[in-house]
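The values are calculated or read from the model by the stated rules, or taken from the named source; none is laboratory data. On a predicted model such as this, the values are computed, not experimentally measured, just so you know. Neighbour counts run over all protein chains shown; Cβ positions are idealised from the backbone, glycine included. In case anyone asks, the SASA skips ligands and DNA or RNA and just uses the protein heavy atoms, side chains included. Shrake-Rupley method; radii C 1.70, N 1.55, O 1.52, S 1.80 Å.
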Amino acid sequence: MSRLEAKTQSLCTTGPLSSQSIRQSLSVLQGIVMSCYGPSGRLKQVHNGKGGCVLTTSLSSTLLGNFSVTHPALRLLVASVRNHISSFSDCGLFTAILCCNLIDKYLSLNIPPHTVIKISGSLLAMCIDYLNSDGCMCRVTADFGSSQSLLQITYTVLSSKPACMLTIKEAEYVSTLIVQAFLLSIPNGKGASVTIGKSVIVHVEGRSVMESSVVPGLLIEMPEFCWRRLDPSTGLPSTDIKLAMFSVSLSGDFSDTGEGNLCLASDVNPESIMLDQLHVLGKRLVSDQVNVLVCQKVIHPSLKQFLKKQNILALERVGAALMEPLSQMTGAKPIASLSSVSTASYGSLRALSKMSHGSKHYVHLIPSDTSVSSIVLCNRNETSLKELTTTCQAAQHILQMTLKKPWVLLGGGCTETHLSAFIRYKSANISTTFLEELNCSSAQYKMVADCFCKSLESVAQSLEHDGGEMLMDLQDGHLWSILPDAASEIGHRCGCRMHRRRDDLQWNVLGSQCSPFNPEIARDKCLLKASHQLILDCFAAKCNGLQVAVDTAGLILDLSYVVEDKN
């Protein structure tokens, strides 16, 4: 009893955002995420200070998932961004930077928080309505009749992750592979219910990126000594190979009995009983003329030996990740019990072969269709390969979301500056009735709108890490840059590569005051279709990121007390 300690009282903090500590922590977090943003973003090394793995990354999912924050308000911010990333796979840094800037700028206002939140919500609604409108000048329709827009979306994702260490040629090549695998996953048939296929990434370390490839079907890794002894042509039919897949362990133990107690009679040998059941299973597979057995877990050596004598190929330790795509491409249903084997659970393959990449060896399961494919992804070292794998998975998800909602937003900071110009123009002409609905004055509305616009512009400014100047043209509201060594020479194209520099354009330094202008009437939208090599962002991810950033900033501003249990 002497070692027991009395519970301490919970710590209650009043006005958590008024303390200097939260502002300092917010500034540090803001600096970290801003410095990672864009193609020239700086890499971060994350480690725990006590040894162990060191992560090198600029990805928001990796970064925010591997360092801790102590202040409850910042934990809320990080949790919101990570939740967004888990659902949309993209725009995590955009969301974090915007949210940090909104909080920082709103805290400097001498306006009641609830008023700031209401005005900020109305500005968010204005942005979302504009982005979803047919007149939106920073939105492009994705053309699925051509692979060009799909390649541009994928290339934008890959080229914005410097830790992947890709050259322009390599980024273009991997983009082609990702789009190829995506197009293979789309079924040819029409119907009320269409199932999109799967693309499984297989990593190979120590090889050139240009050795990456896409193959139909699945690759199951095998030890070299097993692979060398494997002869797929022995005892297998040339087509229509029958396959059974088991999600239950075939190791002969009782590992799947759960947490209950198992009572056995003294004269019962459990190992003998399980081996008898496995032997019965093997005979059943032989009688059903099964050619391949795939097990998620372990297969008992005696069962493998029996199956080998019967010319049945046994593949074990496949893992849970491959079970769903394997089921989808073969039509087989995972068998979860030794006593529930049904012929309706079997699937089929078109062919089976051996394949090797570098030091890794695989069995290649080739389906009758191409709905499931494997992307063999190579890179020179472990760090760049991990980063590239995560990035390619995000690119696959982005293409799937674009298929569902076929719009994309202009990237390179142009959507942020265009939205900023749009909000400034709209907020300059707010009606008295609208202000009364928000219960605020015109001055309050314009101050909050100014902070909102400057926060959007700060996201665009975060793309520059080398001291260059960022400008916004006063016709289209697009972002332009002057490199530090360019002697005040403005780039030939805007950030998204849609517009060329013209002599009649007027400029304003990004972040400085200018007269409001309407970017909606800048030019004919048909030019969007004629443009090429655009930098494009995922529409669904950026819209949700915008919403998460504004909502989270409002939630944090509304905090009055923080209660922490110190026990």
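Computed values, structure above
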item	result
One residue from Val194, Val204 being assigned to a strand (DSSP E or B) and either more than 19 Å from the chain's Cα centre (by Cα) or among the charged types (D, E, K, R) (or both)	Val204
Sole residue being part of a strand (DSSP E or B) and in contact (Cβ under 8 Å) with a residue 12 or more places away in the chain, chosen from Val157, Val174, Val214	Val214
Residue count for region 332-360, restricted to those that are of a type in the set (Gly, Ala, Ser) and under 19 Å from Val376 (Cβ atoms)	5
Residue among Ser356, Ser374 that alone is touching a Phe, Trp or Tyr at 6+ places or on another chain (Cβ under 8 Å) and under 30 Å from Cys53 (Cβ atoms)	Ser356
Test: residue in region 283-292 that is of a type in the set (S, T, N, Q), open to solvent by less than 30 Å² (accessible area, probe 1.4 Å) and more than 36 Å from the chain's Cα centre (by Cα)	yes
Residue list for region 444-496, filter: touching a residue at least 60 places away in the same chain (Cβ under 8 Å), farther than 22 Å from Met34 by Cα and open to solvent by 10 Å² or more (accessible area, probe 1.4 Å)	Gln444, Met447
Residue among Lys360, Lys333 that is among the basic types (Lys, Arg) and touching a strand residue (DSSP E or B) at 6+ places or on another chain (Cβ under 7 Å)	Lys360
Checking Thr552 against (1) among the β-branched types (Val, Ile, Thr); (2) at pLDDT below 95; (3) surrounded by 14 or more Cβ atoms within 10 Å (Cβ to Cβ), the condition it does not meet	(2)
Matching residues, region 133-151, being open to solvent by 20 Å² or more (accessible area, probe 1.4 Å) and not aliphatic (A, V, I, L, M)	Ser133, Asp134, Gly135, Thr141, Asp143, Phe144, Gly145, Ser146, Ser147, Gln148
Residue among Ile168, Ile97 that alone is in contact (Cβ under 8 Å) with a residue 60 or more places away in the chain and either over 16 Å from the mean Cα position of the chain (by Cα) or open to solvent by less than 20 Å² (accessible area, probe 1.4 Å) (or both)	Ile97
Among (1) open to solvent by 20 Å² or more (accessible area, probe 1.4 Å); (2) closer than 25 Å to Arg207 by Cβ; (3) modelled with pLDDT of 90 or more - the single one His364 does not satisfy	(1)
Pick from region 36-55, criterion touching a Ser or Thr at 6+ places or on another chain (Cβ under 8 Å) and closer than 20 Å to Glu464 by Cβ, ranking: most open to solvent (accessible area, probe 1.4 Å)	Arg42
Residue check, Tyr37 out of contact with any strand residue (DSSP E or B) (no Cβ under 9 Å at 6 or more places or on another chain), aromatic (Phe, Trp, Tyr) and part of a loop (DSSP other than H, G, I, E, B)	yes
Residues (modelled with pLDDT under 90 and open to solvent by 40 Å² or more (accessible area, probe 1.4 Å)) located in region 56-78	Asn66, Phe67, Ser68, Thr70
Enumeration of residues in region 311-347 that are aliphatic (A, V, I, L, M), closer than 23 Å to Leu275 by Cα and surrounded by 13 or more Cβ atoms within 10 Å (Cβ to Cβ)	Ile312, Leu313, Ala314, Leu315, Val318, Ile335, Leu338, Val341
Qualifying residue in region 220-243 (condition: among the aromatic types (Phe, Trp, Tyr), at pLDDT below 75 and outside any loop (DSSP other than H, G, I, E, B))	yes
Answer from Thr195, Thr141, Thr176 - the residue that is among the β-branched types (Val, Ile, Thr), out of contact with any helix residue (DSSP H, G or I) (no Cβ under 6 Å at 6 or more places or on another chain) and closer than 28 Å to Glu382 by Cβ	Thr176
Exclusive hit being over 20 Å from Val215 (Cβ atoms), at pLDDT below 90 and of a type in the set (A, V, I, L, M, F, W, C), set Leu262, Leu293	Leu262
Any chance Ile521 is in contact with a Ser or Thr (Cβ under 8 Å, 6 or more places away or on another chain) and at pLDDT below 75	no
Test for Lys308: is it open to solvent by 40 Å² or more (accessible area, probe 1.4 Å) and under 24 Å from Cys226 (Cα atoms)	yes
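For (1) closer than 21 Å to Val280 by Cβ; (2) within 34 Å of the chain's Cα centre (by Cα); (3) not aliphatic (A, V, I, L, M), each residue gets a yes or a no:
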position	(1), (2), (3)
Cys295	yes, yes, yes
Lys304	yes, no, yes
Lys309	yes, no, yes
Val318	no, yes, no
Leu326	no, yes, no
Leu338	yes, no, no
